[in-house]
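So the structure is just underneath, and the comments pick up after that.
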Amino acid sequence: MISASYLRVYSPSSRGEARSLASHQWRRDVLRADGYFMWAESDQDDAFKVEWKGQTLVCPRNGRLRMLEGIVAFGNVHPGASLLPATAVQRAADELRRIRAGAPRARSHILTSPWQVPLRWFSAFDPADRELYDIGSEASLRYRTDLDAAADRVSRAVEIIDRAGFDDSLIDVVEDLERWLRGFPDGSMLELDYASVAEQFSAVELAFDESAAQIRESLDALEALDFERAGEKYAEVAARWVHAQALAYVN
């Protein structure tokens, strides 16, 4: 089974939404196949729900919407790839247009990354947002923070790497993250969840994992034009994730 980490946005819900969502029971994921694709998610169009600072916040799963967006995004990045025929990409794009025509505000509240946590995700969080939690008998790690603060931190990261003269391709992916965050309502919360990716680390390794702090230190040093220290701190966090990144390329 492919392990994955998640970046989720939880937004305020109405009383009616809270009642209807509370009636759903989160079910175990089921491995499913559909033509060229395979995924492991509940087929129920439900939502995650949390209490955050006295509010009920929800994160719609929108599994079908996210799968379609992923197909179209892959097709745009790898046009003509034999893995994904153009006809399959076109069908996905057509269905995505129909969904958005019927629900113009429909959008993904969840970003998924197989095998690893993309290092740019850590730029959205303060080290104090970090918390260990348990999944059954196993430990995992997550960060939670106010969405507005997260978007401001990512915006700062964009400014810093832009001024430092980094390649446009790197700046673009961080800007894409900022645009995604800016599209949600006030009062939302952002969560980075290691989820099953945490299985690649021991409980001790997770306890000493300070990836967000190291990314913060690297950006602070870069802002001060201390390129040597910026490189050192980035190398520290990159070394922690090199095995996970290798799994992503192997698979």
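The values are calculated or read from the model by the stated rules, or taken from the named source; none is laboratory data. Note that the structure is predicted; figures quoted are calculated from it, not measured. FYI the Cβ positions are ideal-geometry reconstructions off the backbone, even for glycines, and counts take in every protein chain you see.
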Fill in the blank from the handout: Subset of region 56-65, residues at pLDDT below 90 and not in a helix (DSSP H, G or I), comes to Pro60, Arg61, Asn62
Handout entry: Residues within region 147-160 that are in contact (Cβ under 8 Å) with a residue 12 or more places away in the chain and either farther than 16 Å from Arg179 by Cβ or charged (D, E, K, R) (or both), tallied
Key = 5
Problem - Selected residue [part of a strand (DSSP E or B) and surrounded by 19 or more Cβ atoms within 10 Å (Cβ to Cβ)] from Leu141, Leu177, Leu219, Leu181 - result: Leu141
Handout entry: Search result, residues across region 109-134 that are part of a helix (DSSP H, G or I) and of a type in the set (Lys, Arg)
Key = Arg120
Practice task
State whether one or more residues within region 116-133 are of a type outside the set (Gly, Ala, Ser), surrounded by 17 or more Cβ atoms within 10 Å (Cβ to Cβ), at pLDDT 95 or above and over 13 Å from the mean Cα position of the chain (by Cα).
Solution key: yes
Fill in the blank from the handout: In region 105-139, anything under 11 Å from Ser211 (Cα atoms) and β-branched (Val, Ile, Thr) is listed as Val117
Handout entry: Subset of region 184-211 (residues that are aromatic (Phe, Trp, Tyr) and crowded, with 16+ Cβ neighbours inside 10 Å)
Key = Phe184, Tyr194, Phe201
Handout entry: Residue satisfying all of: in region 38-55; surrounded by 12 or more Cβ atoms within 10 Å (Cβ to Cβ) and of a type in the set (A, V, I, L, M); modelled with the highest pLDDT among these
Key = Val50
Practice task
Confirm whether Ser140 is at pLDDT 95 or above and under 16 Å from the mean Cα position of the chain (by Cα).
Solution key: no
Practice task
Being out of contact with any Cys (no Cβ under 7 Å at 6 or more places or on another chain) and more than 27 Å from Pro12 (Cβ to Cβ) narrows it down to one of Asp167, Asp148, so name that one.
Solution key: Asp167
Practice task
Please verify whether region 186-208 includes one or more residues that are at pLDDT 95 or above and either part of a helix (DSSP H, G or I) or farther than 22 Å from Tyr133 by Cβ (or both).
Solution key: no
Exercise for the section: Output the number of residues of region 144-174 satisfying the condition of being outside any helix (DSSP H, G or I) and at pLDDT 95 or above. Expected result: 3
